[in-house]
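Remarks on the structure that follows.
Any read-out appearing in this document is the output of simple, stated calculations on the displayed coordinates, not a laboratory observation. Everything numeric here is computed off the predicted structure, so don't read it as measured data. Cβ placement follows ideal geometry from the backbone for every residue including glycine, while neighbour counts extend to all protein chains displayed.
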Amino acid sequence: MHPQLRPQDIEVFTETICHYFLASTGEAAVIRSAYLLEQGGPILWNEFNGLIEVSGDYLGSICFSAPRALLSHVLLKSGESVFTDERHGDIVGEIANTLAGRARRHFGEGLGISTPQLLDYSITTFQPLAHSLPYAIPFLWHGYEANLVIHLETA
Amino acid sequence: MTSLPRLSFGKYRDLVLLIAIFIFIDAGVSVINIYTSHQIEDDTSRINAAGEMRASAQQLTKALLTLDMEMRSGAITQTSQAEISGARLGFLDAQEKLQKKPEGLLKRGLLEPEALGQKVSEQLSQIANTWDPIDREVSPLLNSETLNLEMVSSAVSKAVTRNNRLTQQADDLGLMLEALAQYKTSTMRTIQTFAIILAFLNFLFIVFKFIARLTASDQAAAVAREENERIMKGVREGLFLLTRDRTVGSQRSASLDKLFGEQLKTGENFHQALSRICSLESAEAAENYIDILFNRKIKQVLLEQLNPLKEIELLSGTKQRKGSTFVSFEFDQIRENDEVVALLVSVFDISDEVRLERELMNAESRAKGEIDLLLGVLDHNPDTVAEFLLTARRNLQLINQELQDVQPVGQNYPQLVNRIARTLHGLKGEAGTLSCQSICQEIHDFEELLTPLRGRNKIQGDDLIPAAVALSKLLSEVAKIEVIVSRIQQHVSGRSGDQNSPDPLWETLHSIEKYALKVAEDLNKSVRFEAIAPRLSQIPSSIAGILREAVPQLIRNAIAHGIEPSDERLTIGKSGTGLIRIEIANEADGTLTMTIHDDGRGISASHLRTVLVARGFKTPEDVGEMSDDQVIAMLFEPGFSSLDKANLHAGRGDGLSVVKEALREFDGRLRITSRTNSHTRFIMQFKPA
């Protein structure tokens, strides 16, 4: 038995990201249609990738991926004047951390969630799960595109 | 009959008894006080009487001496006589007071010792002995006519000689009476002191006994409370009392709030609380059931089977666990004096049981589905099924690609939704003819979630998240069947040498027949399937494509829209079983003609006009200007259906849209003939390539 994610499970995370953009920049992000990330498909990762790994009742990962330019713009909108890699990574890490908290509340106590980690896209490899494909949900903000990749299935 | 309640002090009986003793002792002391004051008053009166006796005796002696002198001097004697009379009467009065014997024990004095009383009596006798001779001498003197000196001298002599003795005896009597009074006062004081000590001891006993008892009771209550708290904290079930006025009691187990996902407040109306955490229907059912439980005439054992709250799904939102939370309620009547005064409510978390039960049911259903799938696939050429699965996979991948590429501008999303719906509907028809029911069901679910999006001009990206999820499920189902078909293909290829190759056209028609019968069964209709076709060694590609994509749609439409239910057919003089017929014919000029015929209710242009207006596709003016052919042509528009509600086989308005696309793809022409309550024919013609 491999019960798949329900739409509301995915919407929990998209709403979290939309809320983050709105709260931190005052401007909402637009969600594009979600699709399945097929094996051998295009590399999705951008320069900055914040990943949380999930264990327990569900197995897999949730990753927020954004290009540098988008994050720089977010820093600018937030009134920051320092545009180092560290500050860019902080934003992705913060979003991943928020996703982790939301996942814990939504899926309950049976979910094990790792500390958010920043990944270097050059060494990231796509590890498919046995029974399902990952969902990719693109976000448009100021002409930039970020991506949320949800790859979970019941343990 | 009701009996009067018996007066019973219960555990306070001892306390009441001791307080009664205390009051009795106090009352006794008060009585003794009153009695003592009377005794003192009496004793004082007697002591005074003894003093008066002494004074009267001296006054008499003095008055006699004065009378003697007056007699001797010849003076007037009346004054002296009056004094003698006064003194005598004073003495006699005092004597009478003292001699008045108290009657009975109380009159004599409760505490008067008999010996002392005897002495006083003897003293009074001695005084009387001393006094009587004097009185005998004095009495005649009070009469003036018989008064003479000799009588006076004799009386003086008697009084003088006895005066000292009489005075001494009266003094002694006074002293005796004082001693007696002192004795009695002292005894009374002793009794009072004893009574007060007794009362005080009684008071102390009451205080200490009951302080000890209250302390023990408090300790027992504290222990009981502590144990109760431990039980309430430790027990996994939710426990609380439901009062007669349907409010929640103050004592409840700690797990209750956790089970409900919110706090159940003391005094809160249980029905309102239940309405918040579960469906309104369950709350209503619970309210009625609880009303019955409070009826004292109804025994709980009779009602247990009727409990509507044995499996309740709690509303999400506050739940702490993954998935649904199910709880079970049990109610136990608490009776006092044969009245149901409260209900003990036990709440159990049965989520795991329900989940396991459902998983088991799902597993059984899946196993049955997989067997049905296997049997269904075995009825068809595995290569045909494999070909369909490949087509399905490619189509689904195309849908995925479109979801990925579509730009969120203009009408791109609504157009994409319509394209997805048409693709799915075509696949559903093919899956149905090949008995792939699980794929049919997944596609049906997919279509269900697209239905609300269709007809909307504004669709946003997040509206399509459910589409991606449904696509994932559908791909998983296709992959599952691919594995099965692949194994069957391996098995069949190993035995292909033993088999004669069947006629491919008749094999396909056989599949369509089975599909038609399945649709009719699902829609509770009765149909007969006929096919007229030439023997072909190879199916022309146009016919193969139409058979695969268009014919299932037309068959479904014929059964869903055309063929009437059996009873309806019988009332209009038709056979109870409807007819579906496929005719394939080669014309002399090489044109291939395929006709799908049904003997149902036919297409009614006037009915379609009504539906077009009712669904808002056209205005009444528009339909008035349209010809019957134009009205019937609307059936091929995406999203239009004459059915009010979609089911597994029809009602989405995509079937004829798929037929139209297929005819366009294979360069076919379509002609429709129909007569109301008689038949409908879809005649498709394909020119030779």
Between 0 and 90 degrees, rounded to the nearest ten: what's the tilt of helix B:78-99 against the longest Cα principal axis of chain B?
40
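Report the calculated FRET efficiency for residue B:572 and residue B:451 (r = Cβ-Cβ distance, R0 = 41 Å), to the nearest 0.05. Intermediate values should be presented prior to the final figure.
Values: r = 33 Å, r/R0 = 0.80.
Efficiency, rounded to the nearest 0.05: 0.80.
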What does the average come to when, for each residue of peptide B:456-466, you count the partner chain Cβ atoms lying within 10 Å of its Cβ?
5
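How big is the Kirkwood radius of the stretch B:315-431, worked out from every pair of different alpha carbons and given in Å to one decimal? Intermediate results must be reported in sequence, preceding the final value.
Working: mean 1/r = 0.0495 Å⁻¹.
For the stretch B:315-431, inverting the mean 1/r across all distinct Cα pairs yields 20.2 Å.
Average partner chain C-beta neighbours within 10 Å, per residue of A:25-35?
Details: counts 0, 0, 0, 0, 0, 4, 7, 10, 20, 13, 13.
Per residue, the number of nearby Cβ atoms from other chains is 6 on average.
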Calculate the spin-label point distance for residue B:530 paired with residue B:187, positioning each point 7 Å from the Cα along the beta-carbon direction, and give it in nanometres.
14.0
Take the protein assembly as shown, compute every pairwise Cα distance, and split them into 10 Å bins from 0; I just need the percent in each bin.
2, 9, 11, 12, 11, 10, 7, 4, 4, 3, 3, 4, 4, 4, 4, 4, 3, 1, 1, 0, 0
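Over chain B, what is the relative contact order in whole percent, taking alpha-carbon pairs under 8 Å and six or more residues apart?
Numbers: 838 pairs, mean separation 53.4, N = 689.
Dividing the mean separation by the residue count of chain B yields 8 percent.
For the stretch B:10-209, what value does the Rg/Rh ratio take when both radii are computed over Cα atoms and Rh is the Kirkwood radius, given to two decimals?
Working: Rg = 25.7 Å, Rh = 20.1 Å.
That ratio is 1.28, to two decimals.
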Using Cα atoms only, what is the angle between the long axis of helix B:114-138 and the major principal axis of chain B, expressed in degrees (0 to 90) to the nearest 10?
40
For residue B:12 paired with residue A:8, estimate the spin-label separation in nm (one decimal), with each label point 7 Å from Cα along the Cα-to-Cβ line.
5.8
In degrees, nearest ten, helix B:437-450 long axis to first principal axis of chain B (Cα)
70
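Using Stokes-Einstein with the Kirkwood hydrodynamic radius over Cα pairs, what translational diffusion coefficient do you get for the stretch B:351-490 at 10 °C and a viscosity of 1.306 mPa s, in µm²/s rounded to a whole number? If you can, show how the numbers build up before the last one.
Values: Rh = 16.3 Å.
Taking Rh from Cα pairs, D becomes 97 µm²/s.
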Report the normalised scattering of chain B as log10 I(q)/I(0) at q = 0.09, 0.10, 0.11 Å⁻¹, calculated by the Debye formula with identical scatterers on the alpha carbons.
-0.97, -1.08, -1.18
Nearest-0.05 FRET efficiency for residue B:217 and residue B:237, computed from C-beta distance (R0 35 Å):
0.70
Kirkwood hydrodynamic radius (Cα pairs, Å) of the stretch B:238-349?
14.2
For chain A, return all DSSP H helices satisfying: extent of Cα atoms along own axis at least 24 Å; mean Kyte-Doolittle hydropathy at least -1.0.
A:7-25, A:85-107
In deg cm²/dmol, rounded to the nearest 500, the helical mean residue ellipticity at 222 nm of chain B, built from -39500 (n - 2.57) for every DSSP H run of length 4 or more, is -21000 deg cm²/dmol
Partner chain coverage, peptide B:390-403 - average Cβ within 10 angstrom:
2
If I model a spin label at residue B:387 and residue B:100 as a point 7 Å from the Cα along the Cα→Cβ vector, what separation in nanometres do I get?
14.8
Phi-derived 3J(HN,Hα) across the stretch B:542-552 with the Karplus relation (6.51, -1.76, 1.60, θ = phi - 60°), rounded Hz, x for Gly and Pro, is 5, 5, 4, x, 5, 4, 7, 9, 8, 4, x
Förster radius 60 Å - calculated FRET efficiency between residue A:19 and residue B:541 (Cβ-Cβ, nearest 0.05):
0.65
Hypothetical label at residue B:21: residues of the stretch B:183-210 whose amide nitrogen lies under 20 Å (7 Å Cα-Cβ projection)
B:191-210
The stretch B:210-283: C-alpha pair distances exceeding 15 Å, %:
64
Compute the length gained on full extension between residue B:610 and residue B:269: take 0.36 nm times their separation in residues and subtract their Cα-Cα distance, giving the result in nm to one decimal.
117.6 nm
